[in-house]
């Protein structure tokens, strides 16, 4: 990693074979395991584990004490809240090796996962979805969906700016901050 254009605190451990983008910051006691791909301008908080072969897009924010296990892919602009965790095996057992059973979890562009949430492997999080703090995701989350609880349940829709959307009789909502318009049709939301 000669000519590195990223910051890594002296206590961080970065294994061989990693690709780390310009402007990325890796903080205290974090471990980046072999063959990870981390995009530009990411922030990896304190005491984070990024397991082998994980892919993080550009501008991914990973807060303190997060575990990102093999099989996880986060697209650009994803937010991972403090102490949230991903799993990668459905039925783990200490005495049984299941490395060939790792499941893929995809977190799409702009999604946020709140503090202490858990995402069970094999479930995907849609674009700009918002997983509330402490939620346990046991199934796919739709784009722009707001989910909370254990197991997580959708309670509404959310804008790219992270605000609840209120739809009119025609199924149209406007985000007060960004002024973008959204359409609810067939229980799916799209930006229009």
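Confirm whether residue 35 is more than 30 Å from residue 161 (Cβ to Cβ), part of a loop (DSSP other than H, G, I, E, B) and at pLDDT below 95.
So residue 35 does not fit the description; no.
When the residues of segment 161-174 are narrowed to those that are part of a loop (DSSP other than H, G, I, E, B) and in contact with a strand residue (DSSP E or B) (Cβ under 7 Å, 6 or more places away or on another chain), which ends up nearest to residue 130 (Cα to Cα)?
The extreme case among them is 162.
The conditions are (1) surrounded by 15 or more Cβ atoms within 10 Å (Cβ to Cβ); (2) assigned to a strand (DSSP E or B); (3) not assigned by TED's automatic domain parsing to the domain that holds residue 80, and residue 190 fails exactly one of them. Which is it?
(1)
Those residues that are in a strand (DSSP E or B) and in contact with a strand residue (DSSP E or B) (Cβ under 9 Å, 6 or more places away or on another chain), I need them from segment 93-125; list them, please.
105, 106, 107, 112, 113, 118, 119, 125
Which condition number does residue 55 fail, the rest of (1) under 18 Å from residue 83 (Cβ atoms); (2) buried (at least 16 other Cβ atoms within 10 Å of the Cβ) being met?
Just one mismatch for residue 55, condition (1).
Determine whether residue 11 is in a loop (DSSP other than H, G, I, E, B) and crowded, with 18+ Cβ neighbours inside 10 Å.
no
Please work out which one of (1) over 20 Å from residue 53 (Cα atoms); (2) surrounded by 19 or more Cβ atoms within 10 Å (Cβ to Cβ); (3) within 22 Å of the chain's Cα centre (by Cα) is the condition residue 125 fails and give its number.
The one condition residue 125 does not meet is (1).
Take segment 91-112 and flag every residue that is modelled with pLDDT under 95 and surrounded by 12 or more Cβ atoms within 10 Å (Cβ to Cβ).
Within segment 91-112, 98, 101, 102, 103 meet the criteria.
The values are calculated or read from the model by the stated rules, or taken from the named source; none is laboratory data. As the structure is a prediction and not an experimental result, all values here were calculated from the model. In this analysis, Cβ positions are derived from the backbone assuming ideal geometry, glycine residues included, and neighbour counts consider all displayed protein chains.
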